[in-house]
4 protein chains.
Amino acid sequence: MTFPAPLTGVVPPVCTPLTPEREVDVDSLVRLVDHLVDAGVHGLFVLGSSSEAAYLTDRQRRLVVETAVARVAGRLPVLAGVIDMTTPRVLDQVRSVTGAGADAVVATAPFYTTTHPAEIARHFRLIAAGSPVPVVAYDIPVAVHTGLDADLVLDLAAEGVLAGLKDSSGDLAGFRAVVTGARTRQDITGFSALTGSELLVDTALALGADGAVPGLANVDPAGYVRLYDLCRAGDMERARAEQERLCALFRMVGVGASDGRMGGSSSALGAFKAALRLRGVIACEATAEPQVPLSPGEAERVGKYLAAAGLL
Amino acid sequence: MTFPAPLTGVVPPVCTPLTPEREVDVDSLVRLVDHLVDAGVHGLFVLGSSSEAAYLTDRQRRLVVETAVARVAGRLPVLAGVIDMTTPRVLDQVRSVTGAGADAVVATAPFYTTTHPAEIARHFRLIAAGSPVPVVAYDIPVAVHTGLDADLVLDLAAEGVLAGLKDSSGDLAGFRAVVTGARTRQDITGFSALTGSELLVDTALALGADGAVPGLANVDPAGYVRLYDLCRAGDMERARAEQERLCALFRMVGVGASDGRMGGSSSALGAFKAALRLRGVIACEATAEPQVPLSPGEAERVGKYLAAAGLL
Amino acid sequence: MTFPAPLTGVVPPVCTPLTPEREVDVDSLVRLVDHLVDAGVHGLFVLGSSSEAAYLTDRQRRLVVETAVARVAGRLPVLAGVIDMTTPRVLDQVRSVTGAGADAVVATAPFYTTTHPAEIARHFRLIAAGSPVPVVAYDIPVAVHTGLDADLVLDLAAEGVLAGLKDSSGDLAGFRAVVTGARTRQDITGFSALTGSELLVDTALALGADGAVPGLANVDPAGYVRLYDLCRAGDMERARAEQERLCALFRMVGVGASDGRMGGSSSALGAFKAALRLRGVIACEATAEPQVPLSPGEAERVGKYLAAAGLL
Amino acid sequence: MTFPAPLTGVVPPVCTPLTPEREVDVDSLVRLVDHLVDAGVHGLFVLGSSSEAAYLTDRQRRLVVETAVARVAGRLPVLAGVIDMTTPRVLDQVRSVTGAGADAVVATAPFYTTTHPAEIARHFRLIAAGSPVPVVAYDIPVAVHTGLDADLVLDLAAEGVLAGLKDSSGDLAGFRAVVTGARTRQDITGFSALTGSELLVDTALALGADGAVPGLANVDPAGYVRLYDLCRAGDMERARAEQERLCALFRMVGVGASDGRMGGSSSALGAFKAALRLRGVIACEATAEPQVPLSPGEAERVGKYLAAAGLL
């Protein structure tokens, strides 16, 4: 499908269900896509951080895109992450995911290597030049250890290099500069500013964001769609209540990390997958290696969060 | 060839010469291999940070290993980096580089994703289980934003998971803990502790390191071999003088970064490649995208460093 | 005066005007206090980061508190920073500022030394035990390199140790956890959650904050009071427009830092003071040593921001 | 006494013994000074990080300097830390410690506030202009979150601003640049480059350092003097053995931190003080607030390290 300009609404970063042997569980992925589409989301983002893109082999990545694209069948735009270290490797990922049918690609700043604003600009320009579909920038300093400056993003938007931004910077003031700039600069049109936060969707929309890409929307897509609709309707009081319900639900991400036995990624992705299994969407909560699995007791505590949020 | 236990001596992280079109320049790479082997180095490390591994596509990476292995023809061990984000992707790299003939693989902690000591241990254990050749850990927090704890490295050595460590942590005290532990612990044998520093080779060897992996050895391999031999002979005074000559030469890495026009990687790798071109070893000093190239004036300043070090 | 529970509204962190010889300019400070009080602010915070507390001697600090307290004369609460490294030194500051009449003290986590959550809790408990007035926690990781965990803040609020939080963490999601917790936990009453952001006052108030402590309110107190009133009246559209005007004005903080000649503190505090001089409030824009002064051209560019915001 | 140019040898950063009520224990401090002087150290550094300077009130700081200066009585130089955030506050500290008899002052880069190389240079120039005694720079990024660039240090040495450097950067390569520069630059004389490391004294001396300021020298001053003498005599093999014994002893700093109950400072300073009590030098192992005390079991484990090092 044609990528909307701008893309708006709730665009979940789709989890990647795995079998106990850590292969992509295609049947579960199809069910997860249905679960999200049926809840009314406005797009899907595969191969993002919540998708464990960093853990999937190239073969697995391609299978994920093919599966999602086939199931969505053009009803919604499918964005695909092209997570790799530098321009030449990202361009290989672009070829792969667009060959598999992605409607847009989502790329970070270079990582592993040290980088520089001039190199980041060069990186996105070359990706856009080599991509048959629109490019969305992914600002995720917790992963790549570099932030994207608001003015740089806006300049690249004005050049036609970037079609949007997924902001996982944690810096809402910086994101606001992009949102306001994209609205007020005459040389920018159709740019999509999306927050990656689970916890600030109402505030991000209030200050002008186009949509949200919350990992927790895997678990409760209907909640985020409801939140989006309340915000668009200007009912900020009920929006805040819905957001606060989702904030409480999000605390599930800490079930595994509290005793120092595993890292935050193992705990958060393990919790999302346990929740999806408990809700009957996916078959198995395995996360990719070398993540540490949740214990049965930890998975049970995820269930309590679901129950408290009215989801079980 | 059989990987030595322990590997000792000077093991340059081999630069990857590129054509102006950013393809691997095989002829120049062959000349560079000869330049290093002829100078008496004790091993080669391809696909490390100085090799621009983060910038090379999988196809290019494989070509680099094949070329180096073929040219070395068993005279020296060839170690290959398997730089990727997490275990499943690293294992794909292991298959590729060992298929191309590498004698050992060099792997970092997971990156891009947040990680945890338990996950790092799991990562190395799974890599060792899946690798037909020895595994050397690569401690490079500037790239992966996690350090390797000395006790973790030693425990994995004792388990037979790790055959060595390339230490680019910048933390000589932590490296000393590994060196001393590897010498004194009864449950560890044949472990190779290698410093990745250009500037502290004499001191690292004095405290017991087995060897060095200095990027600058591309430019002056004979200097580092001489330094290694002086240290082994116990002639610390002449060793220090040689080391200080190399420290002065190393300042070339700043030629491009002084005015804030590019990042440190562009400047350092650009300087190494300019030096190799000026010394007649490689044909072209291009670095991979999105690095910013040195200006002609900056390349000229590299020549002054070479001249001051007696290399032109 | 009795400290309100909770404190609400706009509480500017008051700049400290200096003479060209870097002594406290008492006359200018009095005019600045009048400028703020006349604009309708709801409290004053002296000896915060925007006050250059880190640069003032103990004698100067005391003079600042005495001057502000005397001029305010009980019309508004005066909070005073007690910025020092650890508990015993902070307690000395508490004695000094409360002796000079402060109605509450504002304390950070320990800094310079490495610290730990257990030590931070102990720190605030001892400060509260030793302070005759309420204690507000100051979360400012950019200065102290430690953040305050939301649950820790809430538990200390429930214990009666903390009367409020000034949040300069840049992490609005974490601040939201404090705001929501303070509202919903039964064991907490009268707690004041204040954002330290200049750029997100509307969103912070929308999610439930009690007030704001924006450095830029020195320059445009009437603007922030207007913004606060619009938010409280539920007129989010006009609030957003007012906030965006203030966001544009805030860009003045970069006038000195753009060419790398000085640090961000020199530039931001220099700009605030230049603006106050241009608006006729203070006599001299000197900042404390070792900050680098703005050039005349940079100060002139501050004037352009004022003009664009309708303040000249 | 006249401050030596350069200062050489072992210069312990003297712990500050406290009573159970957290007052300076003058008797214990006098015994500690004797313990160090009798072991043959070459100078004393009071009010450094190991002295808990960050935790001492101004009154306590002055008492420490007075006590040490009186007891040393000119036999050795006494350096005093002037640890505070910015220039005006540091100058107040300079007045205090030189009034109490310090022979040199030791100052860090500005902290709490963000800073910049131009501001750091200005800071040291103003301190030197205001100090009646020589100024030694203290490079301690773990505390102040800024490093001192080698070229900046050398330029300030050439200007006569800095008489020396205490390097606690953990970056031995950067320290080497200072050491080599101070030896080879014609415009620098009498500059003293001192390592703050406990673990790399032999290597620092081998590359040309003038001396060492190891916190662990409180516990085993004779060991560090012996190590210094072996290095100066060129007996690198026995020096390495002595250094490795001290490295093993240094592991005591982790006794309290292993289970996550306290921070690194509480654990390390608690261990040093427990060791001094166990060796009969000081009366009480209390550390200043808000540090968490060692448990009796943890203090007992300190004794095992002492026994293993032959010190009990």
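The values are calculated or read from the model by the stated rules, or taken from the named source; none is laboratory data. Fair warning: this is a prediction, and the values are worked out from it, not measured in the lab. We place every Cβ from the backbone using ideal geometry, glycine too, and count neighbours over all the protein chains shown.
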Residue in region D:127-142 that is within 12 Å of another protein chain (Cβ to nearest Cβ), touching a residue at least 60 places away in the same chain (Cβ under 8 Å) and outside any loop (DSSP other than H, G, I, E, B) present: yes
All positions within region C:44-66 that are away from chain D (no Cβ under 12 Å) and of a type outside the set (D, E, K, R): C:Leu44, C:Phe45, C:Val46, C:Leu47, C:Leu63, C:Val64, C:Val65
For region D:234-288, which residues satisfy the criterion of being surrounded by fewer than 19 Cβ atoms within 10 Å (Cβ to Cβ) and within 14 Å of chain C (Cβ to nearest Cβ)? D:Gly254, D:Ser258, D:Asp259, D:Gly260, D:Arg261, D:Gly264
Test: C:Leu306 is part of a helix (DSSP H, G or I) and touching a residue at least 60 places away in the same chain (Cβ under 8 Å): yes
Determine if region D:49-66 includes at least one residue that is surrounded by 20 or more Cβ atoms within 10 Å (Cβ to Cβ), more than 30 Å from C:Ser265 (Cβ to Cβ) and not aliphatic (A, V, I, L, M). no
Extreme residue, nearest to the chain's Cα centre (by Cα), among residues of region A:99-126 that are among the charged types (D, E, K, R) and within 14 Å of chain B (Cβ to nearest Cβ): A:Arg125
Among (1) within 20 Å of D:Val33 (Cβ to Cβ); (2) within 18 Å of the chain's Cα centre (by Cα); (3) not in a helix (DSSP H, G or I), which single condition is D:Glu285 missing? (2)
Do we have any residue at all in region D:14-31 that's among the basic types (Lys, Arg), touching a residue at least 12 places away in the same chain (Cβ under 8 Å) and either assigned to a loop (DSSP other than H, G, I, E, B) or within 17 Å of D:Phe272 (Cα to Cα) (or both)? yes
Among the residues of region C:68-90, what is the count of those that are out of contact with any strand residue (DSSP E or B) (no Cβ under 7 Å at 6 or more places or on another chain), assigned to a helix (DSSP H, G or I) and either modelled with pLDDT under 95 or crowded, with 21+ Cβ neighbours inside 10 Å (or both)? 3
Pairs where the first residue, in region A:39-51, is in contact (Cβ under 8 Å) with a residue 24 or more places away in the chain and assigned to a loop (DSSP other than H, G, I, E, B) and the second is basic (Lys, Arg) and surrounded by fewer than 24 Cβ atoms within 10 Å (Cβ to Cβ), C-beta under 9 Å, 6+ apart: A:Gly40/A:Arg226
Pick out the one residue from C:Asp171, C:Asp155, C:Asp167 that is under 12 Å from C:Phe191 (Cβ atoms) and not hydrophobic (A, V, I, L, M, F, W, C). C:Asp155
Filter region A:231-258 down to the residues that are of a type outside the set (S, T, N, Q), within 23 Å of B:Tyr112 (Cα to Cα) and assigned to a loop (DSSP other than H, G, I, E, B) and list them by number. A:Val255, A:Gly256, A:Ala257
Please verify whether D:Leu7 is more than 14 Å from every other protein chain (Cβ to nearest Cβ), buried (at least 24 other Cβ atoms within 10 Å of the Cβ) and part of a helix (DSSP H, G or I), treating the condition exactly as stated. no
Out of (1) more than 9 Å from chain C (Cβ to nearest Cβ); (2) under 20 Å from the mean Cα position of the chain (by Cα); (3) β-branched (Val, Ile, Thr), the one A:Thr189 does not meet is (2)
Conditions first: (1) away from chain D (no Cβ under 14 Å); (2) crowded, with 18+ Cβ neighbours inside 10 Å; (3) not polar (S, T, N, Q). B:Phe175 passes all but one, so which condition is the exception? (1)
Of the residues in region A:98-120, those that are part of a helix (DSSP H, G or I) and in contact with an Asp or Glu (Cβ under 6 Å, 6 or more places away or on another chain) number 0
Being away from chain C (no Cβ under 14 Å) and assigned to a helix (DSSP H, G or I) narrows D:Leu205, D:Leu199 down to just D:Leu205
Look through region C:147-172, keep the residues that are within 17 Å of A:Gly174 (Cβ to Cβ) and in contact with a Phe, Trp or Tyr (Cβ under 9 Å, 6 or more places away or on another chain), and return whichever of them is nearest to the other protein chains (Cβ to nearest Cβ). C:Ser169
Which one of the conditions (1) among the β-branched types (Val, Ile, Thr); (2) within 20 Å of B:Val41 (Cβ to Cβ); (3) within 11 Å of chain D (Cβ to nearest Cβ) does B:Thr180 fail to meet, given that it meets all the rest? (2)
